[in-house]
Amino acid sequence: QVQLQQSGAELVKPGSSVKMSCKASGYTFTSYYIYWIKQRPGQGLEWIGRIGPGSGDTNYNEKFKGKATFTVDKSSSTAYMQLSSLTPEDTAVYYCARSRITIAAISTGYFDYWGQGVMVTVSS
Amino acid sequence: DIQMTQSPASLSASLGETVTIECLASEDIYSNLAWYQQKPGKSPQLLIYDASSLQDGVPSRFSGSESGTQYSLEINSLQSEDAATYFCQQHHDYPYTFGAGTKLELK
């Protein structure tokens with residue numbers, strides 16, 4: 001069965017960085033984009049960006065450029081997101097989710113499977 | 001960025017009733033709209049994509065429709081398990097954007 005298994009909760013200090021993982025299983029890793037989405041406590045959802053596992057190509061929300069960096073390891077079917085220069089406003093749950101890559105090499109754009117989320121708490 | 005204005009922010013309904021949640025896009029998104037259900041402490045789950053296509057495994061009491069740039073999610077015959085927060089998401093253009101959410105409470 002399809003699974004996106006994310007790494008565990010993080011408690012980090014302001015100004016530091018954190019790197020989280022999203023391990024995919026149950027499907028062909030390179031056939032789906034991996035997206036990252038932020039949800040602040042009690043708030044809505046915010047699209048951070050996406051990475052193509054086959055090509056490594058990325059697309060970032062302008063708001064998160066310089067904040068988030070995506071990488072993949074095809075050998076382990078794992079996607080990573082690093083967040084840098086953390087502030088209390090980065091305290092949130094971060095989800096990975098997948099979206100199918102069409103024959104035209106574009107994303108269907110909707111997310112049929114999500115990881116369980118990583119709670120990142122930025123506090124001194 | 002495309003703005004998604006979702007309404008209402010919350011609603012309360014009884015078992016068996018029908019409710020409608022709406023999202024208004026700030027520009028034409030050409031039916032590229034998805035609806036998700038999120039329960040407390042859980043990840044969102046896809047209900048509807050491409051405005052009206054039902055995701056596999058989702059009960060048929062959920063349906064999506066559109067009229068211009070207005071998109072609607074209808075839930076018929078409300079069940080207790082439908083208590084959740086619902087989000088719309090436009091998947092027409094980057095950056096993808098979400099509505100603010102509708103919290104559905106069952107009376």
Open item on the list: Suppose R0 equals 41 Å. What FRET efficiency, 1/(1 + (r/R0)^6) with r the Cβ-Cβ distance, do residue A:11 and residue B:7 give to the nearest 0.05?
Closed with: 0.65
Task: Residue-averaged beta-carbon neighbours from other chains (10 angstrom radius) around B:47-54 - done: 1
Task: Label zone at residue B:52, where the point sits 7 Å out along the Cα-to-Cβ direction: segment B:73-107 residues whose backbone N lies under 15 Å - done: B:73-74
Open item on the list: From the mean inverse distance of alpha carbon pairs (Kirkwood) and the Cα radius of gyration, derive Rg over Rh for the protein assembly as shown.
Closed with: 0.96
- [ ] Please arrange A:40, A:50 by counting, for each residue, the other beta carbons lying within 10 Å of its beta carbon, fewest first.
- [x] A:40, A:50
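Write down, largest first, the equivalent ellipsoid semi-axes of chain A in whole Å, where each equals the square root of 5 times an eigenvalue of the alpha-carbon gyration tensor.
Working: eigenvalues 116, 41, 35 Å².
After diagonalising the Cα gyration tensor, the semi-axes are 24, 14, 13 Å.
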Task: Overall Cα dimensions of segment A:5-71, principal axis frame, Å, largest first - done: 36, 27, 24
- [ ] Give the order of A:45, B:106, B:33 when sorted by the count of other beta carbons within 10 angstrom, beginning with the fewest.
- [x] B:106, A:45, B:33
- [ ] Would you calculate the separation in nanometres between label points at residue A:91 and residue A:106, each defined as 7 Å from the Cα along the Cα-to-beta-carbon direction?
- [x] 4.0 nm
Task: Cα-centre dipole for chain A with unit charges at Cβ (Lys and Arg positive, Asp and Glu negative), debye to 20 - done: 60 debye
Open item on the list: Once R0 is set to 30 Å, what does the formula 1/(1 + (r/R0)^6) return for the Cβ-Cβ distance between residue A:59 and residue B:17, expressed as a FRET efficiency to the nearest 0.05?
Closed with: 0.15
Task: Two-site label geometry, residue A:3 and residue B:92: point separation in nm, points 7 Å out along Cα→Cβ - done: 3.8 nm
Open item on the list: Cβ neighbours within 10 Å, averaged per peptide: list A:85-95, B:7-17 in order, most packed at the top.
Closed with: A:85-95, B:7-17
TODO: Scan around residue A:119 for amide H atoms under 5 Å from its own, H built in the peptide plane at 1.01 Å from N, and keep only partners 5 or more places away or cross-chain.
DONE: A:9, A:10, A:94
TODO: Take every residue in peptide A:46-59, count the Cβ atoms of other chains within 10 Å of its Cβ, and give the average of those counts.
DONE: 2
Open item on the list: Residue by residue through A:105-112, how many Cβ atoms from other chains fall within 10 Å of the Cβ on average?
Closed with: 6
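FYI, it's all coordinate maths here, none of it is from the lab. Bear in mind that the values here come from a model prediction, so they are computed numbers and not experimental data. Neighbour counts are summed over all protein chains in view; Cβ atoms, including those assigned to glycine, are modelled from backbone coordinates with ideal geometry.
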